[in-house]
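Worksheet: the structure to be examined is printed underneath.
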There are 2 protein chains.
Amino acid sequence: MEIERKFTIKRLPDDVDSFEYHIIEQAYLTDDPVIRVRREDGKYYMTYKGVGGDNTSLAHEEYNLPLTKEAYDFLASKTEGYIIRKKRVLIPYCGHTIELDIFAEPFKPLIIAEVEFASKDEAQSFIPPDWFDEDVTDDSAYRNANLALQHKD
Amino acid sequence: MEIERKFTIKRLPDDVDSFEYHIIEQAYLTDDPVIRVRREDGKYYMTYKGVGGDNTSLAHEEYNLPLTKEAYDFLASKTEGYIIRKKRVLIPYCGHTIELDIFAEPFKPLIIAEVEFASKDEAQSFIPPDWFDEDVTDDSAYRNANLALQHKD
């Protein structure tokens, strides 16, 4: 069970280039359930998020299953919609890690900040840094699956 | 973690028509890791079996993840090789359930019996009924993934 909140940002923090980051490429086989393939640096995964759940909400069931490069390449070739490419910067903040997703084309200049929590209480009591803008946790337009599959609408 | 043994059979038991059964259709997206989609009667699943493991062996990691009919139909259309269709008869035997898989074309007259166990000890001490033939647990030719994908060899 993953509990997270998602925010747009007003500006990048000044020290954004000083943090660890990963290069992520991901694409979607299906949207309900969400079945996604992802390359993160040199590692490959398939992610499954539970059937029929409200995937825009705070908490959802999630499985991350390792893939070989060959399996990733095959499955990626079967996906629908856009391939999402983004740089994920990991920013420590008040005992949490902000995952700042800086999207490449065709989604540039989109930037989304995600924060994971151990409990719903912790999620609800989180005080965002001043460079965060709106809470878009429940806004389906900011779901990566919807970004990737938007051309289908 | 699933622990099971697999056998060919000498003959069908006389009362084979008296037991509960399911109609199964399944096909494979990838073979390493094994990613399979399955329809069992009116239910749909995707199954993942761990990367790089020896999937012919007694024990393997397995996730069964529910799908909608729409997600199943989409993923099934992306699979490789044959679609496997079989009738699975559930036969109680000495506290276990024998899953007797009676394959339809193009694999007919193939019949394979599988038995699941709670532990490796239980698996190793299992005494098969007299209508079982060879133990093919470690024979990769009897893996459903290999049956489905054999045309690729």
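The values are calculated or read from the model by the stated rules, or taken from the named source; none is laboratory data. If you're wondering where the values come from, they're calculated on a predicted model, not measured in any experiment. Backbone-built Cβ (ideal geometry, glycine too); neighbour counts: all protein chains shown.
The set of residues in region B:1-47 that are surrounded by fewer than 18 Cβ atoms within 10 Å (Cβ to Cβ) and closer than 21 Å to A:Lys49 by Cβ comprises B:Lys43, B:Tyr45, B:Thr47.
Could you say which residue among A:Glu134, A:Glu114 is surrounded by 16 or more Cβ atoms within 10 Å (Cβ to Cβ) and either aromatic (Phe, Trp, Tyr) or modelled with pLDDT of 95 or more (or both)?
Exactly one residue qualifies, and that residue is A:Glu114.
For region A:32-60, the set of residues classified as within 16 Å of the chain's Cα centre (by Cα), farther than 19 Å from B:Ile35 by Cα and at pLDDT below 95 consists of A:Asp54, A:Asn55, A:Thr56, A:Ser57, A:Leu58, A:Ala59, A:His60, listed by residue number. Each residue in region A:67-90 was checked for being within 14 Å of another protein chain (Cβ to nearest Cβ) and either in contact with a Pro (Cβ under 8 Å, 6 or more places away or on another chain) or surrounded by fewer than 18 Cβ atoms within 10 Å (Cβ to Cβ) (or both), and 10 pass.
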